[in-house]
1. Quote the accessible area belonging to F173 in square angstrom, nearest 10, computed with a 1.4 Å probe and with ligands, DNA and RNA left uncounted.
2. Within the set of other residues whose C-beta is less than 14 Å from the C-beta of S85, count the net charge using Lys and Arg as +1 and Asp and Glu as -1.
3. Just want to confirm a number: the relative contact order over the chain, from Cα pairs under 8 angstrom separated by 6+ residues, in percent.
4. Work from the charge dipole of the chain (Cβ charges, +1 for Lys and Arg, -1 for Asp and Glu, about the Cα centre) and give the residue of Q90, S134, H76 farthest towards its positive end.
5. In debye, nearest 20, what is the charge dipole magnitude of the stretch 122-168 about its Cα centre with +1 on Lys and Arg Cβ and -1 on Asp and Glu Cβ, if you could check?
6. What is the sum of charges, Lys and Arg at +1 and Asp and Glu at -1, for the other residues whose Cβ falls under 14 Å from the Cβ of R140?
7. So what is the accessible area of the stretch 57-190 per residue, in Å², with the probe set to 1.4 Å?
8. 222 nm [θ] for the chain, helices only, -39500 (n - 2.57) per DSSP H run of 4+, per residue, to 500?
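The values are calculated or read from the model by the stated rules, or taken from the named source; none is laboratory data. This structure is a prediction, so every number in the text was calculated from the model and none was measured. As a convention, Cβ positions derive from the backbone with ideal geometry for all residues, glycine included, and neighbour counts pool all protein chains shown. Accessible surface areas use protein heavy atoms only, side chains included; no ligands, DNA or RNA. Shrake-Rupley method; radii C 1.70, N 1.55, O 1.52, S 1.80 Å.
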Amino acid sequence: MKRYLMALTLLISAVSCDWIGNTPSFGDDFITYDIKAGNHEVERNLNTLFSASSMRFQALFDSSCIYKTNVPENQHDINKLYGFSDCSSQHQNNSARFGWNWREGALRIYAYIYVNGVRQERELGTAELNEITSFRIDIRENTYVFTYHGIETVMPRHCSGGVGVAYKLLPYFGGDEVAPHDIRIKIRSL
């Protein structure tokens, strides 16, 4: 009976019209994350569990990532790209992720962390629109090592050892303001 129910559940899932989580692009092995105008979060935001000691991925930003904020100072706010919570805590207590913004005619990339509730960020460089860019975050005891364009940047970490109970952090627009128009980012986990 248990096998029958499991098979029935799988069959229903397979023929269902709604995709659970973010939709694969199908033309490639990237997942397209859409943040609709007026929102901070991606559609169908599912923060899945994370238990690894590193995160490697590639991202592709297109012209939808060019934007102008309503309040000029908010152009410096860092949007979130991809990362994970850490130390068995909420992500605004402990986490590591890459961030980005569009400023001064360039898409800028950042290391963006929370360490025991204190946010820290460091600019790492720029990314070209419509080009695949590689990212990596490694956990090394009490540090995070962000690798971007082959350069390692070390940032502090609150705990040591594994991540504990942790979850992936998906793209997020803002700071203070919501997305001024639809934003599209493609990500492929490696």
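1. 10
2. Numbers: positive: K80, R97, R119, R157, K168; negative: D86.
Net of charged neighbours comes to +4.
3. Working: 432 pairs, mean separation 63.0, N = 190.
Relative contact order for the chain comes out at 33 percent.
4. Q90
5. Values: 5 positive and 6 negative charges, 50 e Å.
Computed charge dipole of the stretch 122-168: roughly 240 debye.
6. Residues near R140 contribute -2 overall.
7. Working: 5960 Å² over 134 residues.
On a per-residue basis, 44 Å².
8. One gets -2500 deg cm²/dmol as the mean residue ellipticity at 222 nm.
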